[in-house]
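Some notes on the structure that comes next.
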Amino acid sequence: MRVNMHTHSVFCDGKDTPREMIETAIEKGFDILGFSGHGHSPCDDVSMSLEATAEYIRTIRSLQKEYQDRITIYLGIEQDKTCRIPSKDPYDFVIGSVHFLSKEDKHVPIDMSKDVFISLLEEFYDGDFTAMAEAYYSEITQMKDFEEVDIIGHLDLLMKYNEDESFIRFDDPSYVKLAEQCIYTIGTSKLFEVNTGAIARGMRKSPYPAKNLLEILHSAGAGIMLNSDCHDRRYLDCAFPESLALIRSCGFDCLYILKDGEFIPVDIDQFH
Ligand SMILES: [Zn+2]
Ligand SMILES: [Zn+2]
């Protein structure tokens, strides 16, 4: 089985049309492809306008019907926490993500570039990474009560530029404690994704979240799925085999898939 529920297309900041993505997914042997365009947010330049969102919905629903005998297509959205949607309708699933940290009316992206990340850290948190992590994980934790959200996107996105641990050690106790509190508070109320997007972009060698957080997710009994956060169809299955090995090594024996409107666990041995 091959599944990806985190896919961007030309409707937001992806390179390919939904149809191109679907054709590649079929070529690569995918069973399920979920689209998750960046939902409209006034502070997010790459998010879809309301008009583009309407066209996105029509397009994906039409492709879903057209390809129904060859691949299961889902209509989803990746909604940034800065702009909550009133309900899950009309989507099949919703990924809730925190891409910005805010002070008063100013919203600064966490993952746009390393330079912007450094200025965010300096300007908002006086260079104190733990203070930034506290704010970030507090934002993530608040999505526990967002009924429309099914999946927490890229749990430790704030580690995007930290492959060399130049900002903080991955096992720094005060940092890990903040992430752990977040994971245990959300617990089984949402699913979490293992996200290989930063590997495709050459920023990281391992997926979000880091292995130690994945182990905590397992201890907390959380459900997970494997996604590529794909912006370029060549990377639709980016690092899937090694990520499955990593997931297994943390003790997980199943991944969640969406079927008939419900997320259900499937034996990890079914995936490749
Ligand atoms: Zn995202
Ligand atoms: Zn994304």
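Quick check on my filter: what residues within the stretch 106-136 are of a type in the set (Gly, Ala, Ser) and in contact (Cβ under 8 Å) with a residue 24 or more places away in the chain? ALA133, ALA135, listed by residue number. With respect to ASP237, is the statement that it is over 23 Å from ILE22 (Cβ atoms), touching a residue at least 40 places away in the same chain (Cβ under 8 Å) and crowded, with 20+ Cβ neighbours inside 10 Å true? No. Only a single criterion out of (1) assigned to a loop (DSSP other than H, G, I, E, B); (2) away from ligand 1 (no atom under 16 Å from the Cβ); (3) among the basic types (Lys, Arg) is not satisfied by ARG84, namely (2).
Among the residues of the stretch 1-55, which ones are hydroxyl-bearing (Ser, Thr, Tyr) and either touching a residue at least 12 places away in the same chain (Cβ under 8 Å) or touching a strand residue (DSSP E or B) at 6+ places or on another chain (Cβ under 7 Å) (or both)?
Filtering the stretch 1-55 for residues hydroxyl-bearing (Ser, Thr, Tyr) gives 7, 9, 17, 24, 36, 41, 47, 49, 53.
Selection gives THR7, SER9, THR24, SER36, SER41, SER47, THR53.
Quickly run through the stretch 217-229 and pick out the residues that are crowded, with 21+ Cβ neighbours inside 10 Å and in contact with a helix residue (DSSP H, G or I) (Cβ under 7 Å, 6 or more places away or on another chain).
Answer for the stretch 217-229, where residues must be crowded, with 21+ Cβ neighbours inside 10 Å and in contact with a helix residue (DSSP H, G or I) (Cβ under 7 Å, 6 or more places away or on another chain): LEU217, ALA222, ILE224, LEU226, SER228, ASP229.
Does ILE264 satisfy the condition of being among the β-branched types (Val, Ile, Thr), touching a strand residue (DSSP E or B) at 6+ places or on another chain (Cβ under 7 Å), within 25 Å of LEU75 (Cα to Cα) and crowded, with 21+ Cβ neighbours inside 10 Å? So ILE264 does not fit the description; no.
Looking only at the stretch 110-143, filter to residues that are of a type in the set (D, E, K, R) and part of a loop (DSSP other than H, G, I, E, B); which one of those is farthest from VAL94 (Cα to Cα)? My answer is ASP126. Against the definition (free of Cβ contacts under 8 Å to residues at least 12 places away in the same chain and among the basic types (Lys, Arg)), how does LYS190 come out, yes or no? For LYS190, the condition - free of Cβ contacts under 8 Å to residues at least 12 places away in the same chain and among the basic types (Lys, Arg) - is not met.
All of the numbers you see were taken from the coordinates with simple rules; none came from a lab. Everything numeric in this text was worked out from a predicted model, so none of it was measured. When we count neighbours, we look across all protein chains shown, and the Cβ atoms used for this are built from the backbone with ideal geometry, even at glycine.
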